[in-house]
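Enquirer: Shown below is the structure under consideration.
The values are calculated or read from the model by the stated rules, or taken from the named source; none is laboratory data. Just so it is clear, the model here is predicted, and its values are computed rather than measured. Because the Cβ atoms are built from the backbone with ideal geometry, glycine has one as well, and the counts that use them run over all protein chains shown.
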Amino acid sequence: MTKKVSIIVPCYNQAHYLKASLGSVLSQTFLDWECIIVNDGSPDNTAEVAKKWCAKDDRFIYLEKQNGGLSSARNAGIKIAKGEFILPLDADDLIHQDYLNKTVPVLYQNKKLAIVSCYSKFFIDSIDNITYQLKPKGDNYKWLLYVNQLVATSLYRKSCWKTVGGYDENMKKGFEDWEFWLSITKLGWHYKIEEEFLFYYRKAKQSMLVDTINNHFEENKEYIVKKHKELYIDDFDNCMTVMFREQNATRVSLAKIKKSAEYRIARAITKPARLLKNYLKNNNQ
């Protein structure tokens, strides 16, 4: 039996968040959904927790696979999904009870739309502790070239997933959703932003997004630009402006750091070690 929406929840070492995440799914006022919990080879008790939810409501489905990363887990879940529309939901995030009720009719009624997203609130520990609000803009790929306007938890057509070949499983260090949205929208599809706060993103000190921004931002962005180079070539002048502005911002930021008292103190503390390193290097030559 087909469903209107398939919600895909990959889980790796986040079983402790599943109660809240899956609870937000079960609370949906829109009822025509299935929720596929994908255990991506998690070493914690994801299987135990997930199976309890499957016993609670048969709209929850459990899928177990070898660890392959977020893109691989999403693709595995979508392959068995029966829904016309797909909603990815990370195991530590939450959706408002009216998320599907507000977004499904928009996508259903407008055949030119591929994706419907919304405003988001970022929280720490509890949704009562909101630290940031995100209000994305735009409606086509040009808005996505330099900034990912769309959170991963956006509703989209499964047919679009099939057309672009799913999430890029080579992207194991983040930004896979950004690349996915570009792959879809560059084909002429549009997206729409529902101007309501329907998604809650959990901010954590250690998370995939934090690791991506701190350690893999440049290489991921380079991968996206090269994969979709025809878009950036077509937007060459603007692309160069953005690139050099980012380069200048980095240079200014580094200059400020070097002028800071903390930097000077750290340089003074490590000076003996640097001198010793240079001495040993010179004497070994």
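Enquirer: Restricting to the range 194-222, and then to whatever is surrounded by fewer than 19 Cβ atoms within 10 Å (Cβ to Cβ) and at pLDDT 95 or above, can you tell me which residue is nearest to Tyr12 (Cα to Cα)?
Expert: Phe197
Enquirer: Go through (1) buried (at least 18 other Cβ atoms within 10 Å of the Cβ); (2) touching a helix residue (DSSP H, G or I) at 6+ places or on another chain (Cβ under 6 Å); (3) more than 21 Å from Arg157 (Cβ to Cβ) and name the single condition Tyr17 misses.
Expert: Here Tyr17 meets the rest and fails (2).
Enquirer: Given the range 1-79, what strands (runs of 3 or more DSSP E) lie entirely inside it while holding 1 or more residues that are within 28 Å of Gln109 (Cβ to Cβ) and small (Gly, Ala, Ser)? Write out each step before concluding.
Expert: Numbers: elements: 3-11, 33-40, 60-65.
Filter on the range 1-79 gives 3-11.
Enquirer: Okay, next question. Looking at the range 100-128 only, could you name the residues that are over 15 Å from Glu84 (Cα atoms) and touching a Leu at 6+ places or on another chain (Cβ under 9 Å)?
Expert: Those that are over 15 Å from Glu84 (Cα atoms) and touching a Leu at 6+ places or on another chain (Cβ under 9 Å): Lys102, Ser117, Cys118, Tyr119, Ser120, Lys121, Phe122, Phe123, Ile127.
Enquirer: Something else: So which of Lys121, Lys111, Lys158 is surrounded by fewer than 22 Cβ atoms within 10 Å (Cβ to Cβ) and in contact with an Asp or Glu (Cβ under 8 Å, 6 or more places away or on another chain)? Give the derivation first.
Expert: Working: Lys121 fails: in contact with an Asp or Glu (Cβ under 8 Å, 6 or more places away or on another chain); Lys111 fails: in contact with an Asp or Glu (Cβ under 8 Å, 6 or more places away or on another chain).
Going through Lys121, Lys111, Lys158 in turn, the sole match is Lys158.
Enquirer: Would the range 24-35 turn up any residue that is within 18 Å of the chain's Cα centre (by Cα) and modelled with pLDDT of 95 or more?
Expert: Filtering the range 24-35 for residues within 18 Å of the chain's Cα centre (by Cα) gives none.
Checked against the condition, which is being within 18 Å of the chain's Cα centre (by Cα) and modelled with pLDDT of 95 or more, the range 24-35 yields no hits at all.
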